[in-house]
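All of the numbers you see were taken from the coordinates with simple rules; none came from a lab. What you see is a predicted model; the values in this text were computed from it and never measured. Backbone-built Cβ (ideal geometry, glycine too); neighbour counts: all protein chains shown.
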Amino acid sequence: MDLIVRNARLPRGGEPVDIGVAGGRIVAIEAGVAAEGETYDAAGHLVCAGLIETHIHLDKSRIIDRCPPVEGRRVNPVMLTAPLKKDFTVEDVHARAERTLCECLVNGTSRIRTQVEIDPGIGLRGFEAVRSLAQDYRWAVDLEICVFPQEGLTNYPGTEPLLVEALRAGAPVLGGAPRYDTDPSRQLDRIFALAREYDVDLDLHLDVGDTAEHMDIHHVLALTERYRRGGRVVVGHMAKLSLLPPAEMAAMARRLADAGIAVTVLPATDLYLMGRDQDHAVRRGVADANLLAEHGVTCSLSSNNILNPATPYGDCSLIRIANLHANLLQVSIPARLRELFLMLTEHSARLLNLADYGLKPGNPADIAVFDAATPEQVVTEIRPPLAVWKRGRRTVTRRPPELHRPS
Ligand SMILES: [Zn+2]
C-alpha cells in the first residue's frame, strides 16, 4: 500500500482502526491492516475525510483594507464592496483568493463550494481567477464554483447574459441574492428557470433582515416544488429563522425537510450583520442548525466571508465556526456538539450531493487527523488538524505548540 494511517478513531466512535491507501483511494478500513507501506500513527486521534466548506466568497475575501471604516450601527456591505469591484483584476482576485484558500487548507478543509460574483462591474474576471485557482490547487482541494448576482439581477442590465456565459463555460452551481434585487421574487423566478435550462444545482443567499414579516423562503419552496428541484436547492443564512418562535421555526424546518431544501448557517456574518436596528439587547440572529437538523433538514456550517465589509474577521477555521455556533446557540449536549462537527463533514457532503466523500473503501483517500479524541472535543476546544491528505498525498502538517519549561 502507499499509505497506512494506523490507530485512527472514526467520528462514529468505537475502537481505533487502520486506513489503508493505494492509488489515491482508500482500500481498507479495519483493525490491524496487514500491509507494508508508509505509515502514519494517528495514536487514537479523531480522523475524518476532511472538512467541507460549503459557502465561502474567495473572490471578495481580504479587501477590508480597501474599505474606509464606517461609523454607526447601520452597514451595507454590498454597497461598500460594489465600487471596489471595477479594480478587481484577474491577478488581484487570484492572489487574494489564493491566500484565503491556503488558510482553509491548513485548517483541514479539502472540499469547497465558493460563491463567485458575476455582473457588468466585475464581468467574468472573478470567475476566471477562481477557475484557474481551482486548477492550480487540484492537488489539495476540490473547488466547486457557484456563480451568482450579488447586486441584483432584474435591476442590473447585463448581469443575466454574463451568468449565462459562465453557466455555458461550465459553472456547476447557480446562486442568487434576492435581498439586493429591486424585485426579489422575479430574481428567484429567473434563477430557477436558468437552473432548469442549464441543469445546475442552486445555492441561494436568503432571508437576512430585521423582521420575519416577509420571508423569501416561501417563494423558494413554491419554485422548488414547481421545478421539482428537491435535493438540489441550498439556502444560505436563513437568519430570519432565528426570529421565529420555536413552534413556527419547527414547522418551517419540516417544510424545508419535506421539500428537500438544505440550509447552510453562516454564524460569523449573521452575528456581525443582524440586529443593526437595535442599540441594546442586540439579537444574535443566527439560525439554530441543530433544531433544523432535528426536524430532518440537511445542514452545514460555513465561513462565508473573510476580512471584508460583510465580516471583517476570519481565519478560515471551520472548527472555529462550529464553536461559534455552539457558543451562540448555547449548545452543550455532546450529541448536538457532535452533530455540529458532522455539519462540517458528512452532512455537508450530503448538502453538496458529493457521492465520493467519506472514509470507506473505494473513495478518494481524503483524510484529516485532528488533535482530539472525539468530534465534540474538536468543537468545544477548537482543536486543529495535525495532518491532512488529499487523494493519498500529504498536503498539510501542523505541529502542536510547545511549552518550554525551565530545566
Ligand atoms: Zn455568501
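Legend: Rg and Dmax of segment 1-114, from Cα coordinates, 21.4, 64 Å. Once you put a point 7 Å from the Cα of GLU294 and another 7 Å from the Cα of VAL70, both along the Cβ direction, what distance in nm separates them? The answer from the label model is 3.5 nm.
With coordinates expressed along the principal axes, the C-alpha atoms belonging to the chain extend over 63, 53, 44 Å, beginning with the largest.
Round to a whole angstrom and tell me the spacing of the C-alpha centers of segment 119-148 and segment 340-377. The distance from the Cα centre of segment 119-148 to that of segment 340-377 comes to 24 Å. Once the C-beta distance of ASP199 and ALA95 is scaled by a Förster radius of 45 Å, the resulting FRET efficiency is 0.85 to the nearest 0.05.
Three principal axis extents of segment 125-195 based on alpha-carbon atoms, in descending order, are 42, 19, 18 Å. One Cα centroid belongs to segment 42-88, the other to segment 154-196; the line between them spans 21 Å. For the chain, the longest principal axis of the alpha carbon atoms and the long axis of helix 246-259 meet at an angle near 80°.
For the peptides 343-356, 290-303, the ranking by packing is 290-303, 343-356, with the highest mean count of neighbouring Cβ atoms within 10 Å listed first. In segment 244-350, Cα pairs under 8 Å separated by at least six residues give a relative contact order of 27 percent. Mind checking the angle between helix 125-136 and the chain's longest principal axis? C-alpha axes, 0 to 90 degrees, to the nearest 10. Approximately 10 degrees, to the nearest ten.
Rg of the Cα atoms in segment 159-290, relative to 2.2 N^0.38 Å, amounts to 1.08.
Seen against the Cα atoms of the chain and their longest principal axis, helix 90-106 is set at about 40 degrees.
Structure remark: mean-square fluctuation, Gaussian network model of the chain, C-alpha springs under 10 Å; the largest value among PRO83, PRO364, PRO68 belongs to PRO68.
In this calculation the C-beta distance from ARG168 to SER132 is compared with R0 = 22 Å, giving a FRET efficiency of 0.80.
If the segment from ARG394 to ASN327 were pulled out straight at 0.36 nm per residue, it would be longer than the present Cα-Cα gap by 20.9 nm. Per residue, the convex hull spanned by the alpha carbons of segment 318-377 comes to 95 Å³.
Contact order for the chain, expressed relative to its length and based on alpha carbon pairs under 8 Å spaced 6+ residues apart, stands at 20 percent.
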